[in-house]
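Here's the structure, in structure tokens; my notes come after.
Nothing in this text is a laboratory measurement; each read-out follows from the coordinates by a stated rule. Note that the structure is a prediction, hence the values are computed from the model and not measured. Ideal geometry is used to build each Cβ from the backbone, glycine not excepted, and the neighbour counts take in all protein chains shown.
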Amino acid sequence: MKSISFICSLAAVCGITLFSSCSETETGPRHFNIIPAPAQSNIGENAFALKNNCVIAYSDESLKSIAEKFAEYISKQSGLKITAADKAQKECKNGIFLNINPANSELASMPAAFGVSADDGNPADERYTLNIDKNNITIEAMAAEGIFRGATSLLQLVAGNSLETGSTVYLPALDIADNPRFAWRGLSLDVSRCFFTADEVKEVIDMLALYKMNVLHLHLTDNEGWRIEIKSHQKLTEIGGNIENNGKPVGFFTQDDYREIVNYAAERFITVVPEIDLPGHTKAIFAAYPELKNAAKMKFKLNMSGQAIGALDVDDPKAMQLVSDVVKEISAMTPGNYIHIGGDETWGLSDDKYVRFVDATRKIVKENGKKVVGWQESARTNLEEGDVMQYWVHYKNMSLSSGDSTKKKKSTMPEEIQKMMKEAFMKNAKDMDLGLEKNARIILSPSSYVYLDFPYKEASADSTQSEEQKRLGLQGYPKQTIAEMYDWNPDKFNDKLNTEKNIAGVEGAIWCETVTNFSDLQFLLMPRLAGVAEKGWSAAENTNWEEYKSRLSSHSLLWENMEWNYFKSSLVDWK
Ligand code: TNX
């Protein structure tokens, strides 16, 4: 970029709305609102005027579908008519040009992303440059994936700068060079505690794509329901997929539905990681196949939402045959490299049976040509080179008193359950070290920061949301503001973690015990999902709450346009 105004660059970096003083040519606010924060961004003095009939041209046939998608998204967001066309750059005057350039040296010299790629792709493919000047917009990348990420940044800018839909949108002149910090940036979606249709899951994929996330971890099975068709064991869904669940939606994905979801995600450069949660969280399996042995023993009832006592028995050949058949079918319909085998919260199961079960399941997954992810408890088993564990129990929230972090209130939990939980937490405290000793790669999902089922603490700016706010989120967790949940740094999270060696990536999770429909889900996802995405993509020095919340303020325009429900946190000055 020829002339860069320092004040304007600073404003851009700080996410401040720029007024016409930065522009000699055009008036109107020019808002810099890209989330996650780009690695490098400079804002110039001019503006690009996006008008009706602007063309998105592409250099390569492989970009056609991306150009068409973004022509549609940008049209919808701005109210302008934007079209895609196969044109050379020189024919593309006053337009948007998408260009694959494997020889781009600026892109080639960017720092490599840390962590693990869920599809064994090259994380460098996500890098892009976005240049906006008075005459043209150019997005360049080494692969189609980077073009998609860059076009996503452009879409956000259009949304943030569309004051009135249908009129010219002035975009700030910009030079952006961007690349992800972590290769694995995901969301775990619980479709068991509340079932969502394939179309609803596709909308969640749209949300992930909007924030440059690249993994959809589908929590397909749990006590409340088995949600994926397994042809060799039809009762898993016929019975296990239709268990009455307090009047909430039940059902399951056929294998065709699942493939449709996987393909929709792939078109947006998102990999689906399916989770079959074993050997605990298996009440739905026992409902379908009561003849299977239950290896969990407990002298008392576990009356906790989402939890149950019951575990498949590694010494029951029928159970292990079922595991083997399930893994085989899931592996065959999953193009990504990872299968998540669960392994969390096996209440009442002996350590010996737990270890042998997880080891056996891991072996089955590998025999099917896939790699393994397990929740952090799986660190207690015989992890092997290349295994991934997902760290989730974060002590900041580990008060046993329900709904209160201050510990002033006495717990309402029966004493034996409190004892059981306490023992579990003591073991959980050692999981990270165990995983590190065994050289596991670690997905960071610390509950206090990325569990999106924590109830919101601050008031909503919209008083009609008070009922939703009271009802949604697990009451056992302390309430957290969106600022508190944004306040962490994956690099500094644990002294023993070496970013380069140990971290696989960052993943948020949404658990649906309190969720009753898709609108409830959206309410818990937005706005916090954007913050999780930023921690996964952006370098820590580019993530600062005050500046982030200014960028976030115009994202309501995107969500409203998509008709997504969101929590109107009073901490943000929503546009
Ligand atoms: C813990 S996170 C669980 C889930 C619950 C969730 C509620 C994990 C591996 N297990 O079964 O739904 O807490 O936040």
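So if I take the centroid of the Cα atoms in region 507-545 and the same for region 79-117, what is the distance between those two points in Å?
28
HN-Hα J couplings of region 516-528 from phi, Karplus 6.51/-1.76/1.60, θ = phi - 60°, integer Hz, Gly and Pro as x?
So the J values, rounded to whole Hz, are 10, 6, 5, 5, 4, 4, 4, 4, 7, 6, 9, x, 5.
Taking the Cα centre of the chain as origin and charging only Cβ (+1 Lys, Arg; -1 Asp, Glu), how large is the dipole, in debye to the nearest 20?
That gives the chain a dipole magnitude of about 880 debye.
Using each residue's phi in region 502-513, evaluate 6.51 cos²θ - 1.76 cosθ + 1.60 at θ = phi - 60° and report the 3J(HN,Hα) Karplus result to the nearest Hz, with x for Gly and Pro.
Using θ = phi - 60°, the values come out as 9, 7, 8, x, 10, 9, x, 9, 10, 9, 10, 4 Hz.
Can you list residues whose amide H is under 5 Å from Gly342's amide H, if they're 5+ apart or on another chain and H is modeled 1.01 Å from N?
Ile276, Leu278, Trp375
For the chain, build the charge dipole from Cβ charges (+1 Lys, Arg; -1 Asp, Glu) around the Cα centre, then report which of Asn223, Gly476, Val55 sits farthest towards its positive end.
About the Cα centre, the residue reaching furthest to the positive side is Gly476.
Once the Cα atoms of helix 198-210 and of the chain are each reduced to a long axis, what angle between those two axes, in degrees from 0 to 90 to the nearest 10, is obtained?
Result, in degrees: 50.
I'd like the FRET efficiency for Asp120 and Ala540, computed as 1/(1 + (r/R0)^6) with the beta carbon distance as r and R0 of 30 Å, rounded to 0.05.
The formula returns an efficiency of 0.70 here.
Nearest 20 debye, what's the magnitude of the dipole of region 295-376 about its Cα centre given +1 on Lys and Arg Cβ and -1 on Asp and Glu Cβ?
Around 60 debye, computed over region 295-376.
Quick one: angle between helix 64-78 and the longest Cα principal axis of the chain, in degrees between 0 and 90, rounded to 10, please.
For 64-78 against the chain, the angle is about 80 degrees.
Hey, if you put +1 on the Cβ of every Lys and Arg and -1 on every Asp and Glu Cβ in the chain, which of Phe148, Ile205, Ala379 ends up farthest toward the positive end of that dipole?
Ranked along the dipole, the leading option is Ala379.
What is region 239-305 by shape, rounded, prolate or oblate, if you read a ≥ b ≥ c off the alpha carbon gyration tensor as root eigenvalues and call it rounded for a/c under 1.5, prolate for a/b larger than b/c, and oblate otherwise?
prolate
Determine ³J(HN,Hα), in whole Hz, for all residues of region 308-315 in sequence, where each value follows from phi through the Karplus function 6.51 cos²θ - 1.76 cosθ + 1.60 and θ = phi - 60°; x replaces Gly and Pro.
7, 9, x, 8, 5, 9, 4, 8
Just want to confirm a number: the relative contact order over region 318-389, from Cα pairs under 8 angstrom separated by 6+ residues, in percent.
37
Applying a 10 Å radius around every beta-carbon, put 304-311, 225-232 in order of their mean neighbour count, most first. Can you show the working numbers first?
Details: 304-311: 20.1, 225-232: 22.1.
Order by mean packing, descending: 225-232, 304-311.
Per the Kirkwood formula on distinct C-alpha pairs, the Rh of the chain is how many angstrom?
24.5
State the answer as a single residue: which of Asn179, Thr168, Asn136 lies farthest towards the positive end of the charge dipole of region 117-220, with beta carbon charges of +1 for Lys and Arg and -1 for Asp and Glu, about the Cα centre.
Working it through, the farthest residue towards the positive pole turns out to be Asn179.
Highest first, please rank the peptides 565-575, 280-290 by the mean number of other Cβ atoms sitting within 10 Å of their residues.
Result, highest mean Cβ count within 10 Å first: 280-290, 565-575.
How large is the dipole of region 429-485 about the Cα centre if only Lys and Arg carry +1 and Asp and Glu carry -1, each at its Cβ, rounded to the nearest 20 debye?
Working: 7 positive and 9 negative charges, 32 e Å.
Using Cβ point charges on Lys, Arg, Asp and Glu, region 429-485 gives about 160 debye.
Compute the Cα gyration tensor for region 215-276, then decide on rounded, prolate or oblate, letting a ≥ b ≥ c be the square roots of its eigenvalues: rounded whenever a/c is under 1.5, prolate when a/b is larger than b/c in the other cases, and oblate in all that remain.
Prolate shape, in that a/c is at least 1.5 and a/b is the bigger ratio.
Taking 8 Å as the Cα distance limit and 6 or more residues as the minimum spacing, I'd like the relative contact order of region 146-283 as a percentage.
26
Let me know the shape class of region 418-495, please: from the alpha-carbon gyration tensor, a ≥ b ≥ c as square roots of the eigenvalues, rounded when a/c is under 1.5, otherwise prolate if a/b is greater than b/c, or oblate. Display every interim value, and only then the final one.
Details: a/c = 3.58, a/b = 1.80, b/c = 1.99.
Here region 418-495 falls in the oblate category.
Test of understanding: what is the full-extension gain from Lys76 to Asn135, defined as 0.36 nm times their sequence separation minus their Cα-Cα distance? Before the final figure, lay out each step's value.
Details: separation 59, 0.36 × 59 = 21.24 nm, distance 2.26 nm.
So the extension gain works out to 19.0 nm.
Tell me the angle of helix 317-332 to the major Cα principal axis of the chain, expressed in degrees between 0 and 90 and rounded to the nearest ten.
10
For the chain, what is the relative contact order in percent, using Cα pairs closer than 8 Å and at least 6 residues apart in sequence? Working shown, then result.
Working: 1307 pairs, mean separation 83.7, N = 575.
The normalised contact order for the chain reaches 15 percent.
Considering only the chain, what is the antiparallel percent among its DSSP beta bridges, to the nearest 5?
The antiparallel proportion sits near 35 percent.
So what's Rg/Rh here for region 185-330, counting alpha carbon atoms and using the Kirkwood radius for Rh?
Radius of gyration over Kirkwood radius for region 185-330 works out to 0.99.
Counting only DSSP beta bridges with both residues in region 85-236, tell me the antiparallel percent, nearest 5. Walk me through the numbers on the way to the answer.
On the way: 11 of 22 bridges.
Percentage antiparallel, nearest 5: 50.
If packing is taken as the average number of other Cβ atoms within 10 Å across a peptide's residues, how do 246-252, 481-487 rank, most packed first?
Put in order of decreasing packing, that is 481-487, 246-252.
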